[in-house]
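This report refers to the structure that appears directly beneath it.
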Amino acid sequence: KWCRVIRAGRAWLLNRGLRDSAQSLKDWLSNLIPKPFGFCNRVHSVIQLASRAGGIRRFDYKLNASASGTALFGPIKGEKILTYGRYANPLRQMTEIKITAFPIPLVGQPILKLDGRFIAQQGVPVLRISEQENQVQALSELASLGAWMSRLLINDHLWSFRKPDRASGRMPTLLPGIVNGLPLPEITEIEIDRATNIQQDGRRPVSGIPVKIRLTRYKTKPNGMGSPLLFIHGYSVSGTTFAHNAIPLSAAKYFWQQGRDIWILDMRTSPGMLTAFTRWALEDAALADIPVAVAHIKNATGRKKIDVFAHCIGAVMVSMAILTDRTNLDDVTSYLGSEKSSQPKRYLKEIEDLPSSINCLILSQKGPALIYSNANAARSYLMRGLRKLMSEQYDFRIPLDQGMAAGVMDRLLNLLPYSDDEYKRENPLWPCKTTPWVGFRHRMDMLFGRDFELEGMADKTLESIEDLFGPINIETLSQTIHFIEQKVITNAEGRNVFVSPQRMAARWGLVGKTMSVHGAKNGLVEVETLLAMQELMNSANLGAKYKAVRFEGMGHQDCVIGIRAVKVFEDVERFLQ
């Protein structure tokens, strides 16, 4: 017993025990009349839990390959170890197998990991009942198996179900505003449509609410000669992605210093807009918000062409808009509520003029062709069933007065697997240090896989995470399930009405030139997306007008808001020049 207590107790102290104990001691001392035995009871509880968590359970695996009863080669053996330890994560322990024997010599000790893409491609549960004597007994045995697995996890990893540190509770600022070192912003709001299905704060749909876009301009220096540069955000993020004081060097500041006229678009899907929670098809914003914004900038600046930097879903949306014209408009358009949207036909001229209005197009992380990561593929499979159980409106912020269900969810999300270095950043050794951004990040990564590499983020950026990411609609996000399956962008119905060599040549050929930038450690979309984009461009004979750049060590979002994002900006600036 005491060996288990020492092994698990040491890991607990380093993982979380020092911070939890310091907080408990602080709470105990803050009482006017401290309970004399409260702290002693806690020490006793720790010893009792450590005696359980210190146990080691091993699962042995053996695979024999044979054909017609004849062995093809010797057995492959592997093992899983389930126990509580330093940096221990039960999901990593359950989804990874350490190879202990192989027919041919291997260097080191390889580890096999569960392939989430395989699960998504199967489309059915990989554990299911194939034969049964009767349904009652079969369901009972299946439930017993689930209860046994749950007991294993809880018994050995109860300490892993940690409640995240308390959030700041401040009101976030989700729209770009005053940024140190930039001129005062000029704000323009344009009404795009009047919708009938706007939902605000969880209330019933309201009719006649205006659908608006917001343009924030940081006007060029008097001697600036660069063309206008429009930034388009992704989903769950707003224009603060490009302009915020918590970012070490924001994109807006960098390119403004190069003499460019900076414009930042907040679409109807931006978390800072009243319409963020509403269910939209991505093409709703693609075929109105973006073409109208580009037309407005051309009129305001007197330029015939502008440059565009589109990130994540923003890159998907601008691709949709470029690849749409009057010949496929009826196939592309989606439904708003019960009535088919009339806005695309209203903005047909702006849509058709869009490709020839873009001089240089920067696609960050995504594009018309894209390959999602294994983690995201698995999440898409789970979302098919869970989206009906979840509320459409999803917020990453953890309320100060959250209920029991939300509290349980945040404890479960603490099981998300991260590297040892990221675990240390989320769980610092210093007893008095807190990480109020961790719960927010876990809620994001539940849907997106891994939004950024933690090593690429500054502390002040993480502390302002609520200003950089915001509420979304689950149904809108679920459109990406079709992208995962087809590896190209589709409309809301899952049909590829955009991407073909002929359409790429006819529409994308009008764009001046295109550049794709991608983080090699992107947790949402694989870096192989660059190869898929290159093949697509070559199929349309546009390879000479296309450039792809891979950035080592960078993730999805830290390519724009991270401490090394300046490397991306420098390459983009050279391309623009």
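General remarks:
- Trypsin sites (Lys or Arg not before Pro) within segment 468-577: DSSP coil, no more than 13 neighbouring Cβ in 10 Å: Arg495
- Computed over segment 248-312, relative contact order equals 17 percent, with contacts defined as Cα pairs under 8 Å that lie 6+ residues apart.
- Cα gyration tensor, segment 408-499 - rounded (a/c under 1.5), prolate or oblate: prolate
- Look at the dipole of the chain built from charges on Cβ: of Leu531, Gln137, Thr324, the Cα furthest out on the positive end belongs to Gln137.
- What a 1.4 Å probe finds exposed on segment 108-186 is 58% carbon and sulfur by accessible area, rounded to a whole percent.
- With θ taken as phi - 60° and the Karplus curve 6.51 cos²θ - 1.76 cosθ + 1.60 applied, the whole-hertz 3J(HN,Hα) list for segment 227-241 is 6, x, 10, 9, 9, 10, 7, x, 9, 6, 10, 10, x, 5, 4 Hz, x standing for glycine and proline.
- Length gained on full extension, Glu493 to Lys567: 22.8 nm, using 0.36 nm per residue less the C-alpha separation.
- In segment 440-494, a dipole from Cβ-located charges (positive for Lys and Arg, negative for Asp and Glu) runs towards its positive end, and of Ser464, Ile481, Met444 it is Ile481 whose Cα lies farthest in that direction.
- Helix-only CD estimate at 222 nm, as mean residue ellipticity for the chain, using -39500 (n - 2.57) per DSSP H run (n ≥ 4): -10500 deg cm²/dmol
- Per residue, segment 249-328 exposes 24 Å² of solvent-accessible protein surface, assessed with a 1.4 angstrom probe and all protein chains in place.
- Segment 58-109: C-alpha gyration tensor shape, a/c 1.5 cut-off, then a/b vs b/c: prolate
- Relative pair counts by distance (%), Cα atoms of segment 401-455, 10 Å bins: 21, 54, 24, 1
- Packing, as the average of other Cβ atoms within 10 Å across residues, places the peptides 354-364, 311-321 in the order 311-321, 354-364, highest first.
- Among the listed pairs Lys80/Lys460; Lys113/Lys487; Lys77/Lys163; Lys212/Lys567; Lys163/Lys253, those whose Cα-Cα separation exceeds 29 Å are Lys80/Lys460; Lys77/Lys163; Lys212/Lys567; Lys163/Lys253.
- Peptides 86-95, 237-246, 463-472 ranked from most to least packed give 237-246, 463-472, 86-95, packing being the mean of other C-beta atoms within 10 angstrom over each peptide's residues.
- Structure-derived Kirkwood radius over Cα pairs in Å - corresponding label in (i) 26.1; (ii) 28.1; (iii) 27.0: (i)
- Each label was represented as a point 7 Å from its Cα along the Cα-to-Cβ direction; for Ala505 and Arg86 these points are 6.1 nm apart.
- The string of couplings for segment 512-527 from the Karplus curve (6.51, -1.76, 1.60, θ = phi - 60°) is x, 7, 10, 10, 10, 10, 8, x, 5, 9, 4, x, 9, 10, 5, 5 Hz, one whole number per residue in order, with x for Gly and Pro.
- Too-long pairs where the Cα-Cα distance tops 21 Å, listed order kept, from Lys366/Lys545; Lys305/Lys513; Lys98/Lys424: Lys98/Lys424
- Potential lengthening between Thr70 and Arg346 on full extension [0.36 nm per residue; Cα-Cα distance subtracted]: 92.4 nm
- By the Cα gyration tensor, segment 82-187 has an equivalent ellipsoid whose semi-axes, rounded to whole angstrom, run 43, 25, 20 from largest to smallest.
- Viscosity 1.567 mPa s, 4 °C: Kirkwood-radius Stokes-Einstein D of segment 431-577 over Cα pairs, µm²/s: 74
- For the chain, the share of DSSP beta bridges that are antiparallel, to the nearest 5, is 60%.
The values are calculated or read from the model by the stated rules, or taken from the named source; none is laboratory data. Note that the structure is predicted; figures quoted are calculated from it, not measured. Here the Cβ is made from the backbone with ideal geometry for all residues, glycine too, and neighbour counts use every protein chain on show. These accessible areas exclude ligands, DNA and RNA; they are computed on the full protein's heavy atoms, side chains included. Shrake-Rupley method; radii C 1.70, N 1.55, O 1.52, S 1.80 Å.
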